[in-house]
Amino acid sequence: MIPLIAAPMAGVTDKPFRQMIRHFGLHTLYTEMIAVESLRRNHPATRKMMDIWDEENIIIQFVGINQDSFIAALPLAEEVGAVGIDINMGCPVKKLISNGSGSALLKTPDVAARLVEAVKKNTRLPVSVKMRIGWDTEHINGVSFAKTLESAGADKIMVHARTKSEGYAGIPHYDTVSEIKENLHIPVFVNGNITDLKSLKNALDITGADGALIGRGLLGKPWLLSEIETGKKPIFNLADIALQHFELLMNYYGKHGLFIARKHLAWYMKGQKNVAEFCQRVYAEENADKVRQLIQQYLGGNA
């Protein structure tokens, strides 16, 4: 089976979510995107995101623009047991674009190359880059950008098959990922619109990629990687899974976990009856025990 990895998603692929995926199998997973500048300032929430010492097969994704901050972060990643470093060059969020990081690096390949060189020189871990195919459909430079990263020392390229301007919408440009694969000598993974075995096969057939990342398809479906790999959906009660995730969030975040849980519970409820009513009640509820009751009430009969 071709390698499948859970893609990094800010505000989603935290420790509780990774634990839920691991409930169904031992997969290679990403942390959330971790800002190297915040880590260097020892921001408590950012440091907490580095808490992977008790997990296996975790790739830490860093984002930023300052080489010194990246270099300072690398020993920390090695200490906590990361199996790889990924540099984010694909996030389209305005806050990152404004300081030249994330997708903005697509416009400055020389800066991106120097960043990869600096990271590669200062860690023993394999270094990958997650990128997009270009800034917009008028400026698709995925092939040349990926070749630049390979020359700078990247060990693997993870390609979201959309432009920065397209965000997460529209049909992914698998043809461009195919061109990137044809022009590189290092592994290329494809990302974008992969939600099941059929869409995975389609993406791989078109791109010839060495592996795939699955992102939003995992929302409310932490079992998806295992389902695709085995060809069978695990047998479980959906309320039990949602409750388990809820408890992990509460234990990890404390009271704040109640608010983080809302989006996850809405994702679990997708496709079920009375979705709007459930979400309205959960989003208005500030008592954890009552949320547990709502989970049982609305999801308890779903296997």
Six or more apart or on different chains, Cβ atoms under 9 Å: show the pairs whose first residue is in the range 231-259 and at positive phi and whose second is outside any loop (DSSP other than H, G, I, E, B). G231/L197
Scan the range 44-56 and tell me whether some residue there is closer than 27 Å to W267 by Cα and small (G, A, S). yes
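Yes/no matrix, rows are residues, columns are (1) surrounded by fewer than 24 Cβ atoms within 10 Å (Cβ to Cβ); (2) among the hydrophobic types (A, V, I, L, M, F, W, C); (3) modelled with pLDDT under 95:
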| site | (1), (2), (3) |
| --- | --- |
| V63 | no, yes, no |
| F70 | no, yes, no |
| L76 | yes, yes, no |
| R114 | yes, no, no |
| H139 | yes, no, yes |
| V143 | yes, yes, no |
Subset of the range 10-38 that is at pLDDT 95 or above and aliphatic (A, V, I, L, M) - its residue that is nearest to L74 (Cα to Cα): V36
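Condition check ((1) without any contact (Cβ under 8 Å) to a residue 24 or more places away in the chain; (2) in a strand (DSSP E or B)) across all residues:
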| site | (1), (2) |
| --- | --- |
| V129 | no, yes |
| I133 | no, yes |
| T137 | no, no |
| S151 | no, no |
| R162 | no, yes |
| G170 | yes, no |
In the range 4-33, how many residues are basic (K, R) and either in contact (Cβ under 8 Å) with a residue 40 or more places away in the chain or not assigned by TED's automatic domain parsing to the domain that holds V80 (or both)? 2
Anything in the range 181-191 that is surrounded by fewer than 20 Cβ atoms within 10 Å (Cβ to Cβ) and assigned to a helix (DSSP H, G or I)? List them, or say none. E182, N183
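The values are calculated or read from the model by the stated rules, or taken from the named source; none is laboratory data. Keep in mind the model is a prediction, meaning the values are calculated, not measured. FYI the Cβ positions are ideal-geometry reconstructions off the backbone, even for glycines, and counts take in every protein chain you see.
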